[in-house]
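Heads up: the structure comes next, in structure tokens.
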Amino acid sequence: MHKAFLTAMGLAVMAMPAAAEIGRVKRAMGTATVERGAAKLSPAPGFQLQPGDTLVTGKDGQMSLSFIDDTRFSVGPNSRVSVDQFDYNRTTQTGNFVTKVNRGSLAVVSGQIAKSKQDAMKVRTPTSLLGVRGTRFIVDVPQ
């Protein structure tokens, strides 16, 4: 009976979908973490990002990231940036990308999602909402 229970649990775990990779950390310097739920993870180059991750840097921290739609982020010191939504269809090269910059700075080179349709990529700050239309930009939110 114990073996049957473990087998059933193993099948249930295998049936659960794994969180999809949306991008990777290219570089992390100084104090830098990725918050995923309650976990605080250390991002080394190659670290896989998932929807809902929050990127946090300290006063000496920086992170560079590349997303699967070719969007690139550079997160500056003393920043807190969350990836609230990332949906991307590689076949049609369309999707939706919503990021929130709670504090600090974020430099962006937009990828395929921003180019796919108007307002497909958005960046929120505590006081504004930016609709991105395929460009390079910097968001700076004071502490």
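The values are calculated or read from the model by the stated rules, or taken from the named source; none is laboratory data. Model, not experiment: these values are computed from the prediction. Every residue, glycine among them, receives a Cβ derived from its backbone with ideal geometry; neighbour counts consider all protein chains shown.
A few notes on this one:
- Lone qualifier among Asp87, Asp69 - being under 12 Å from Ala20 (Cβ atoms) and among the acidic types (Asp, Glu): Asp87
- Selection within the stretch 65-86 - closer than 19 Å to Pro45 by Cα and hydrophobic (A, V, I, L, M, F, W, C): Leu65, Phe67, Ile68, Phe73, Val75, Val81, Val83
- Test: residue in the stretch 33-53 that is touching a residue at least 24 places away in the same chain (Cβ under 8 Å), of a type outside the set (Ser, Thr, Tyr) and in contact with a helix residue (DSSP H, G or I) (Cβ under 8 Å, 6 or more places away or on another chain): no
- Criterion violated by Ala120 - all others in (1) modelled with pLDDT under 95; (2) surrounded by fewer than 20 Cβ atoms within 10 Å (Cβ to Cβ) satisfied: (2)
- Filter result (part of a loop (DSSP other than H, G, I, E, B) and among the basic types (Lys, Arg)) within the stretch 118-143: Arg133
- Picking from residues in the stretch 91-117 that are in contact with a helix residue (DSSP H, G or I) (Cβ under 9 Å, 6 or more places away or on another chain) and in a loop (DSSP other than H, G, I, E, B), the one that is surrounded by the fewest Cβ atoms within 10 Å (Cβ to Cβ) is Thr92.
- In the stretch 25-56, the residue that is nearest to Val75 (Cα to Cα) out of those that are of a type in the set (Gly, Ala, Ser) and not in a strand (DSSP E or B) is Gly30.
- Members of the stretch 44-70 that are surrounded by 15 or more Cβ atoms within 10 Å (Cβ to Cβ) and under 24 Å from Pro142 (Cα atoms): Gly52, Asp53, Thr54, Leu55, Val56, Thr57, Gly61, Gln62, Met63, Ser64, Leu65
- Counting the residues of the stretch 74-90 that are part of a strand (DSSP E or B) and surrounded by fewer than 22 Cβ atoms within 10 Å (Cβ to Cβ) gives 7.
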